[in-house]
Amino acid sequence: MLNLPDREKVHRLGLMGGTFDPIHLGHLVTAEEVRIQYGLDHVIFVPSGQPPHKENRTVSEAEHRYLMTMVATITNPYFTVSRVEIDQPSGAPTYTIDTVRYFHEYFGKKVQLFFITGADAILEILTWKDYSELLSICTFIAATRPGYSLNKLKDTLGSACPETMENIDILEIPAVAISSTLIRRRVAEGKTIKYLTPESVTEYIFKNRLYCSINE
Ligand code: NAP
């Protein structure tokens, strides 16, 4: 498979899931922090195809989100980007369980998988397709912004399904205070996004006239 790391060398693999509309420094800091703290051999960013839960906002074209993720991660040799979700037939929803099964198959059952994403997304995990299988085949790492109530995740998931929390780690990442929503809004309002995302992503956004109007 083009672009993916050598399967013989990968024993602990991070999968960084998100819409990345756009990718920003909070995402990059999260992935690097998890890579180091968890001793991961590699992190694969997986931009979502058509997210199954995003009905009230038009998400930017998958190809734009993929290319922004590519340019943002290009300088880190431990990061790559996968097209597995964005190459799904247009309009078909993509489910994390299918993505995780795909990488399990590709890297072999011996690989340990860590799925990294935002805590607010994980809060909804009990509604995800085949969530109990998902929790049994990978560890979830929920990135939170400072001030996020950790009890929110523990209370919501822990009371509904206590064993769920056994496979979810929570990691506070100060840089996650930056959000894609903030960047989209600032672009629409004509404000600077300097230092919120890599310069290459800023240039990509302006060159392709993304986020010209507010579309939450
Ligand atoms: P979202 O609902 O747009 O995001 C929720 C929160 O998490 C936002 O604050 C978001 O901030 C943050 N976030 C998202 N990805 C992050 C990351 N990788 N690192 C740090 N923070 C992150 O979530 P989403 O992006 O659509 O979905 C997250 C992942 O969950 C995706 O891989 C998606 O495919 C998966 N998912 C799967 C199912 C399913 O299988 N049924 C359902 C829902 C989600 P930003 O906006 O700044 O990123």
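In this structure Ser149 has an accessible area near 60 Å², from a 1.4 Å probe over the protein heavy atoms. By accessible area, using a 1.4 Å probe on protein heavy atoms only, the chain has 52% of its surface on carbon and sulfur. Counted by Cβ distance under 10 Å from Arg101, the other residues give a net charge of -4, where Lys and Arg count +1 and Asp and Glu count -1.
Of Tyr106, Tyr131, the order by accessible heavy-atom surface (1.4 Å probe, DNA, RNA and ligands excluded), from most exposed downward, is Tyr131, Tyr106. Computed over the stretch 30-160, the P(r) tail beyond 27 angstrom holds 20 percent of alpha carbon pairs. Using Cβ point charges alone (K and R +1, D and E -1), the dipole size of the chain about the Cα centre works out to roughly 480 debye. Counting lysine pairs in the stretch 90-216 whose alpha carbons fall under 29 angstrom apart, excluding pairs fewer than 8 residues apart on the same chain, gives 6. Taking the longest Cα principal axis of the chain as reference, the axis of helix 25-37 is set at about 30 degrees.
Take the stretch 1-142 with all the other protein chains still there, run a 1.4 Å probe, and you get 45 Å² of accessible area per residue.
Taken one residue at a time, the phi angles of the stretch 179-184 give Karplus couplings (6.51, -1.76, 1.60, θ = phi - 60°) of 9, 5, 4, 4, 5, 4 Hz. Gly and Pro are set to x. Considering only Ile178, Thr164, Tyr204, and ranking their Cα positions along the charge dipole of the stretch 87-216 that arises from unit charges at the beta-carbon of Lys, Arg, Asp and Glu, the one farthest toward the positive end is Tyr204.
Among Tyr148, Tyr195, Tyr95, the sequence by solvent-accessible area, most first, with a 1.4 Å probe is Tyr195, Tyr95, Tyr148.
Each peptide in 80-87, 172-179, 155-162 was scored by the mean count of other Cβ atoms within 10 Å over its residues; highest first, the order is 80-87, 172-179, 155-162.
Please identify the GluC sites (Glu not before Pro) of the stretch 174-212 that satisfy two criteria: DSSP loop assignment and at most 16 other Cβ atoms within 10 Å. Which are they? Let's see the in-between values first.
Details: sites: Glu189, Glu199, Glu203; in loops: Glu189.
Of the GluC sites (Glu not before Pro), the ones in loops of the stretch 174-212 whose Cβ has at most 16 other Cβ atoms within 10 Å are Glu189.
Taking the Cβ of Arg35 as the centre, find all other residues whose Cβ is under 13 Å away and add up their charges (Lys, Arg: +1; Asp, Glu: -1).
Charge balance in the 13 Å sphere: -2.
Under a 5 Å amide H cut-off, with hydrogens placed 1.01 Å from N, Met16 pairs with Ile44, Phe45, Val46, Ile116 among residues at least 5 apart or on other chains. Using a probe of 1.4 Å on the protein chains alone, the accessible area found for Lys109 is around 140 Å².
A cut-off of 5 Å between modelled amide H atoms, ignoring neighbours fewer than 5 places along the same chain, links Ile170 with Ala142. Taking all protein chains as they are arranged and a probe of 1.4 Å, the heavy atoms of Thr192 leave approximately 80 Å² accessible to solvent. Excluding His24 itself, calculate the net charge of residues whose Cβ lies under 13 Å from the Cβ of His24, where each Lys or Arg counts +1 and each Asp or Glu counts -1. Net of charged neighbours comes to +4. Rounded to the nearest 10 degrees, the inclination of helix 150-160 to the longest alpha-carbon principal axis of the chain is 50 degrees. Considering only Phe115, Gly147, Tyr78, and ranking their Cα positions along the charge dipole of the stretch 12-176 that arises from unit charges at the beta-carbon of Lys, Arg, Asp and Glu, the one farthest toward the positive end is Tyr78.
Relative contact order for the chain: what is it in percent, counting Cα pairs under 8 Å that are at least 6 residues apart? Reported relative contact order: 25 percent.
The values are calculated or read from the model by the stated rules, or taken from the named source; none is laboratory data. Because the structure is a prediction, the values reported are computed rather than measured. So basically every Cβ, Gly included, is an ideal-geometry build from the backbone, and we count neighbours across all protein chains shown. For the accessible areas, the whole protein counts, side chains as well, though only heavy atoms, and no ligand, DNA or RNA atoms are used. Shrake-Rupley method; radii C 1.70, N 1.55, O 1.52, S 1.80 Å.
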